[in-house]
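Right, one structure below, let's go through it.
The values are calculated or read from the model by the stated rules, or taken from the named source; none is laboratory data. No experiment lies behind these values; they were computed from the predicted model shown. Positions of Cβ are generated from backbone atoms using ideal geometry, with glycine treated the same way; all protein chains shown enter the neighbour counts. Just the protein is used for accessible areas: all its heavy atoms, side chains included, with ligands, DNA and RNA removed. Shrake-Rupley method; radii C 1.70, N 1.55, O 1.52, S 1.80 Å.
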Amino acid sequence: MKKRHVFVAASAFMLLAACNSSNEGNGQENTSKDGNSDTGSITVTDTQGEQTFTEPAKRVVALDWTYVENLLALGVQPVGVADVENYHKWVDVREELSDDVVDVGLRTEPNLEAIAQLEPDLIISANYRSENIEEELKDIAPMLIFDPYPEESKGITHYEEMETTFREMAKVVDKEAEGEAILAELDEKYEEGKEKIESMDLETRDFVLTMAYTDNQAPVFRLFNPNGMAPAILEKIGLNNAYDSGNFELYGYATTGVEELLSVEDANFLHIVQDDDGLFEEGLANNAVWNDLNFVKEGRVYALGGDTWPYGGPLSAMTLIDRTVEALDQ
């Protein structure tokens, strides 16, 4: 009887081993409802379609500032960032970039050798920045490529794209819960901002938002259009965008001169200008058109600071809300 029991047990063990061997040999994996296998693979969607990673990315190089701040929002320090000096100049968010982060060159011309030396397991870039060196970058590490400025035919706004990309990035670094918490915090920020705006005795809630600068000693204004992300953020706190170029603007703004401001002179003028530009002190001080605009004469010109980044992610959105509310509450 003992011999028979041993034989039955051995037969069962051999049958189980054969089944396991067969399952391994057919190359199939059990897949969960969200598309990720139960072995821990991660599927992320970008402009290239679905990208699958066998484990969360840990050493990430970000070649666009939006993706830098997204990583920081998710609690991930990138190992490499394009143009660190100007990132600090133009982008102010609550999560700080580590001093250990390596500068890998310009956003428009990153240093491939510097990136390779970091041995990243992921490179994240915007499509319009990396298209000329995409293959060289992919030789270094897998890439996620996003399109922050979708064409009109795509049927998605800049704001919707921002949230979608943020969620996809959260997946690839295994921080989805943290990502949803940040977006929930942003929703709360909208409600708080709206309450504060409603409590103010504003002459008007109409606004025009510009990123302005001096070019060849002439003032230049990027006036944000309805399809831009920044106006969508401010409208969520109860303000009304007064500017519309009449066209779909791929980057969300129209580049104009001072004369275009005549069409929005009854709105509040919100501006993002670098402190060292001299636009107001030199370029506009003696400009007759500027000085005759209603918002200038009535003192409705509001500085948001040169490091208020209107093209970023959830953290930049929070900065824009806070600074707008503070500026209007004077």
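Remarks
- Residue count for segment 253-301, restricted to those that are of a type in the set (S, T, N, Q), open to solvent by 80 Å² or more (accessible area, probe 1.4 Å) and touching a residue at least 60 places away in the same chain (Cβ under 8 Å): 0
- The residues of segment 308-326 that are crowded, with 23+ Cβ neighbours inside 10 Å and not in a helix (DSSP H, G or I), listed by number, are THR308, TRP309, PRO310, GLY312, GLY313.
- If you go through segment 263-307 and keep only what is among the hydrophobic types (A, V, I, L, M, F, W, C) and outside any helix (DSSP H, G or I), you end up with ALA267, PHE269, LEU270, ILE272, VAL273, LEU284, ALA285, LEU293, VAL301, ALA303, LEU304.
- Residue match in segment 214-224 (condition: open to solvent by 40 Å² or more (accessible area, probe 1.4 Å) and of a type in the set (D, E, K, R)): yes
- For first residues located in segment 110-133 and closer than 14 Å to ARG59 by Cα, partners that are among the aromatic types (Phe, Trp, Tyr) and at pLDDT 95 or above and lie 6+ apart or on another chain with Cβ distances below 8 Å form the pairs LEU122/PHE53; ILE124/TYR67; ILE124/PHE146.
- Some residue of segment 107-120 being within 23 Å of THR308 (Cβ to Cβ) and over 15 Å from the mean Cα position of the chain (by Cα): yes
- Residue selection: ASN227 satisfies the criterion of being at pLDDT below 95 and under 21 Å from the mean Cα position of the chain (by Cα).
- For GLY228, the conditions (1) within 19 Å of TYR302 (Cα to Cα); (2) buried (at least 23 other Cβ atoms within 10 Å of the Cβ) all hold with the exception of (1).
- Here is the figure for segment 25-71: residues that are at pLDDT 95 or above and of a type in the set (D, E, K, R) total 7.
- Qualifying residue in segment 180-189 (condition: without any contact (Cβ under 8 Å) to a residue 40 or more places away in the chain, part of a loop (DSSP other than H, G, I, E, B), surrounded by fewer than 17 Cβ atoms within 10 Å (Cβ to Cβ) and of a type in the set (A, V, I, L, M)): no
- Conditions (1) modelled with pLDDT under 95; (2) within 21 Å of the chain's Cα centre (by Cα): number failed by GLY283: (2)
- Any hit, segment 87-109, residues being among the aromatic types (Phe, Trp, Tyr) and open to solvent by less than 20 Å² (accessible area, probe 1.4 Å): yes
- Scan of segment 168-197 for residues that are closer than 19 Å to TYR67 by Cβ and β-branched (Val, Ile, Thr), ordered by number: VAL172, VAL173, ILE182
- Selection within segment 238-252: residues that are among the hydrophobic types (A, V, I, L, M, F, W, C) and either more than 23 Å from the chain's Cα centre (by Cα) or open to solvent by 70 Å² or more (accessible area, probe 1.4 Å) (or both). The member of this set that is modelled with the highest pLDDT is ALA242.
- Residue that is closer than 30 Å to GLU281 by Cα and either open to solvent by 80 Å² or more (accessible area, probe 1.4 Å) or in contact (Cβ under 8 Å) with a residue 12 or more places away in the chain (or both), where the choices are ARG205, ARG167: ARG205
- Evaluation of ALA177 against (1) in a loop (DSSP other than H, G, I, E, B); (2) without any contact (Cβ under 8 Å) to a residue 24 or more places away in the chain (one fails), failing number: (1)
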